[in-house]
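Data first, discussion second: the structure below is written as structure tokens.
The values are calculated or read from the model by the stated rules, or taken from the named source; none is laboratory data. Here the structure is a predicted model, which is why all the values come from computation and not from measurement. Reconstructed Cβ throughout: ideal geometry from the backbone, glycine too, with neighbour counts over all protein chains shown. Ligands, DNA and RNA are excluded from the accessible area calculation, which covers all protein heavy atoms including side chains. Shrake-Rupley method; radii C 1.70, N 1.55, O 1.52, S 1.80 Å.
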Amino acid sequence: MSVPEEEERLLPLTQRWPRASKFLLSGCAATVAELATFPLDLTKTRLQMQGEAALARLGDGARESAPYRGMVRTALGIIQEEGFLKLWQGVTPAIYRHVVYSGGRMVTYEHLREVVFGKSEDEHYPLWKSVIGGMMAGVIGQFLANPTDLVKVQMQMEGKRKLEGKPLRFRGVHHAFAKILAEGGIRGLWAGWVPNIQRAALVNMGDLTTYDTVKHYLVLNTPLEDNIMTHGLSSLCSGLVASILGTPADVIKSRIMNQPRDKQGRGLLYKSSTDCLIQAVQGEGFMSLYKGFLPSWLRM
């Protein structure tokens, strides 16, 4: 055995398999974050479905009978009507989603940064490269994770269906994957992928651009140093911009993923993302595109 091979065996795993290690570490970090913030995600999804005007075509009276609830009342309503643990309904596919999305995004971003774009001659990585790389990585990661996102959204709405007296669609996570696959085929698992990757691109663009810009401004123009306070303020601002840019696509994505489908797996409410956008604005007003904005921002 050669000396280089012996030296390589002694290296830590993170150095021997850097991309695989980053994928696993990103997935673990995402799992912890998902468990801690999932009630906000569930609340956001429920808010996005409230007052869905397109349901009137199917003769669904739930829209007229249910009063509108804000973030706090929605969360309290879930606890009172369904139980405290139902705040984590759909968390399993959400964890699957974040492992695939966060891991895939990090590995793709690292590859783009090191191989495709590269640093400038002065070893500086320009902001525009970071933005484009982040958007591309977010799009690829989100596309790969779309089936898990689809199952997550549908399972998050199961408790509401039960309260409305409708039959539950799934017995569990794996039954949900199997049923969607049986009814719509492989394509059915990628329902809503267009607004999903649009949201990922917009969120990553707003997040990366704002975070770096705000942090740079604070360090140069205020007494703050590059510490946890600066990082916190930068994250607060970047989350706000990312939510403003990404929430409309998120609302459309959630509604397309949750809509009832025929035996061929085709949606009964919306023909496309554009159709969903038009129906939401015409039937509920422009601000319906920002339902669930507050829990989305807090979660980011």
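Condition check ((1) more than 22 Å from Thr148 (Cβ to Cβ); (2) open to solvent by 20 Å² or more (accessible area, probe 1.4 Å)) across all residues:
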{"position": "Thr213", "(1), (2)": "yes, yes"}
{"position": "His216", "(1), (2)": "yes, yes"}
{"position": "Ser234", "(1), (2)": "yes, no"}
{"position": "Pro260", "(1), (2)": "no, yes"}
{"position": "Gly267", "(1), (2)": "no, yes"}
{"position": "Asp275", "(1), (2)": "yes, yes"}
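For the residues Leu294, Leu220, Leu224, the requirement of being outside any helix (DSSP H, G or I) and of a type outside the set (D, E, K, R) singles out Leu224. Given the structure, is Glu114 touching a residue at least 40 places away in the same chain (Cβ under 8 Å) and over 21 Å from Phe177 (Cβ atoms)? So Glu114 does not fit the description; no.
Among residues of region 199-216 that are in contact (Cβ under 8 Å) with a residue 24 or more places away in the chain and under 18 Å from Ser254 (Cα atoms), those with a beta-carbon under 9 Å from a residue that is part of a helix (DSSP H, G or I) and basic (Lys, Arg) at least six positions away or on a different chain give the pairs Arg199/Lys253; Ala200/Arg105. Screening the candidates Thr31, Thr43 for the property of being touching a helix residue (DSSP H, G or I) at 6+ places or on another chain (Cβ under 7 Å), in a helix (DSSP H, G or I) and either modelled with pLDDT of 90 or more or open to solvent by 50 Å² or more (accessible area, probe 1.4 Å) (or both) yields one hit, Thr43. The combined condition, being closer than 25 Å to Leu40 by Cα, β-branched (Val, Ile, Thr), outside any loop (DSSP other than H, G, I, E, B) and open to solvent by 60 Å² or more (accessible area, probe 1.4 Å), is not fulfilled by Ile252. Only one of the numbered conditions (1) modelled with pLDDT of 90 or more; (2) crowded, with 17+ Cβ neighbours inside 10 Å; (3) aliphatic (A, V, I, L, M) is violated by Met300, and that is (1). Elements of the type helices (runs of 4 or more DSSP H) sitting completely within region 103-191 and holding at least 3 residues that are among the polar types (S, T, N, Q) and open to solvent by 60 Å² or more (accessible area, probe 1.4 Å): there are none. Taken over region 277-290, the criterion of being open to solvent by less than 20 Å² (accessible area, probe 1.4 Å) and under 19 Å from the mean Cα position of the chain (by Cα) is satisfied by Ser288, Leu289.
Within region 243-265, residues that are in contact (Cβ under 8 Å) with a residue 12 or more places away in the chain and over 15 Å from Asp275 (Cβ atoms) have Cβ atoms under 7 Å from residues that are β-branched (Val, Ile, Thr) and open to solvent by 10 Å² or more (accessible area, probe 1.4 Å) in these pairs: Leu245/Val203; Gly246/Val203, counting only partners at least 6 apart in sequence or on another chain. Counting only residues that are open to solvent by 20 Å² or more (accessible area, probe 1.4 Å), more than 21 Å from Ala249 (Cβ to Cβ), part of a helix (DSSP H, G or I) and modelled with pLDDT of 70 or more, how many does region 59-80 have? The qualifying residues number 6.
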